[in-house]
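Heads up: the structure comes next, in structure tokens.
The values are calculated or read from the model by the stated rules, or taken from the named source; none is laboratory data. This one's a predicted model, so the numbers in the text were calculated from it and none came from an experiment. Cβ placement follows ideal geometry from the backbone for every residue including glycine, while neighbour counts extend to all protein chains displayed. Ligands, DNA and RNA are excluded from the accessible area calculation, which covers all protein heavy atoms including side chains. Shrake-Rupley method; radii C 1.70, N 1.55, O 1.52, S 1.80 Å.
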Amino acid sequence: MIFSFLIITNLTAQNTSTVYTEPKIAVNYNVTSGYKHIFSVANRSFLYKDNSNYIKARHIDLAHFSELSVRDNQSLALGILYRFRTVFDKSTENEFRITQQYNKKHKPNIVRYGHRLRAEQRILSSITAHRFRYRFTVDFPLSGENVDIGEFYLVAGTEALLSAKSASKPVYDQRFIGNLGLLLAKGTKLHAGIDYRHEDYLENSSNSYLVTSSLIFSL
């Protein structure tokens with residue numbers, strides 16, 4: 001969190017970018033050995049915007065994924081998400097999102113590598129946008145070869161996004177993530193970190209930062 005504070009302080013001094021905070025709770029429920037449900041709720045709020053420091057809620061996300069393992073290290077998933085925005089800003093629209101996902105992980109040594117492909121349909125009352133995403137991540141324990149209860153691990157990665165909608169040019173984004181994880185107990189993890197987003201970098205470039213935290217339960 002010291003790293004997060006330094007980044008926010010630097011951004012505030014430069015009067016640039018937008019900074020959000022996004023806490024999240026997720027529950028993974030194994031239906032069978034190869035099939036599980038993932039439920040989550042997240043809230044995103046402004047911390048810094050338009051050269052001002054303030055806290056204001058932006059939206060709340062409710063999401064569900066159904067994930068099926070197709071091999072030991074690969075899975076397919078279908079997800080739905082509903083984003084509540086109108087309640088916080090009457091000029092915005094709520095969003096319904098459908099996601100198709102392919103995920104692959106491999107661990108040749110203590111470092112695990114992850115590849116994730118997503119196609120999304122973001123449905124609003126005024127328009128439907130299509131988004132395609134590829135994310136690459138690495139994670140590894142900070143001590144030893146495996147993560148035991150009470151030990152920390154690091155998760156880092158990058159994600160490329162392409163958004164397309166009718167009568168508009170494609171929008172390209174690039175994201176970078178860094179999270180410190182802690183195994184609190186068997187089936188309970190805590191993540192905290194920073195996401196950096198370079199949005200629409202070919203046209204109207206902008207930057208944003210998310211101070212993230214996630215509490216994850218696996219049942």
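The table for this structure:
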| item | result |
| --- | --- |
| Yes/no for LYS90 being assigned to a strand (DSSP E or B) and not aliphatic (A, V, I, L, M) | no |
| Residues satisfying the stated conditions in region 147-167, i.e. assigned to a loop (DSSP other than H, G, I, E, B) and surrounded by 11 or more Cβ atoms within 10 Å (Cβ to Cβ) | VAL147, GLU151, LYS165 |
| Any hit, region 136-151, residues being under 23 Å from THR21 (Cβ atoms) and free of Cβ contacts under 8 Å to residues at least 40 places away in the same chain | no |
| Residue match in region 175-198 (condition: charged (D, E, K, R) and within 24 Å of SER69 (Cβ to Cβ)) | yes |
| Lone qualifier among ASN109, ASN30 - being open to solvent by 60 Å² or more (accessible area, probe 1.4 Å) and closer than 24 Å to LEU154 by Cα | ASN109 |
| Positions within region 42-87 being open to solvent by 50 Å² or more (accessible area, probe 1.4 Å), over 22 Å from ASN207 (Cβ atoms) and not in a strand (DSSP E or B), in sequence order | ASP72, ASN73, VAL87 |
| Enumeration of residues in region 100-146 that are assigned to a strand (DSSP E or B) and among the small types (Gly, Ala, Ser) | GLY114, ALA119, ALA129 |
| Among the residues listed as SER205, SER218, SER163, the single one being more than 21 Å from ASN28 (Cα to Cα), modelled with pLDDT of 95 or more and either touching a Cys at 6+ places or on another chain (Cβ under 6 Å) or not basic (Lys, Arg) (or both) | SER163 |
| Selection count where residues are within 15 Å of ILE25 (Cα to Cα) and either open to solvent by less than 40 Å² (accessible area, probe 1.4 Å) or of a type in the set (D, E, K, R) (or both), scope region 184-197 | 6 |
| One residue from TYR29, TYR35, TYR54, TYR82 being in contact (Cβ under 8 Å) with a residue 60 or more places away in the chain and of a type in the set (Ser, Thr, Tyr) | TYR29 |
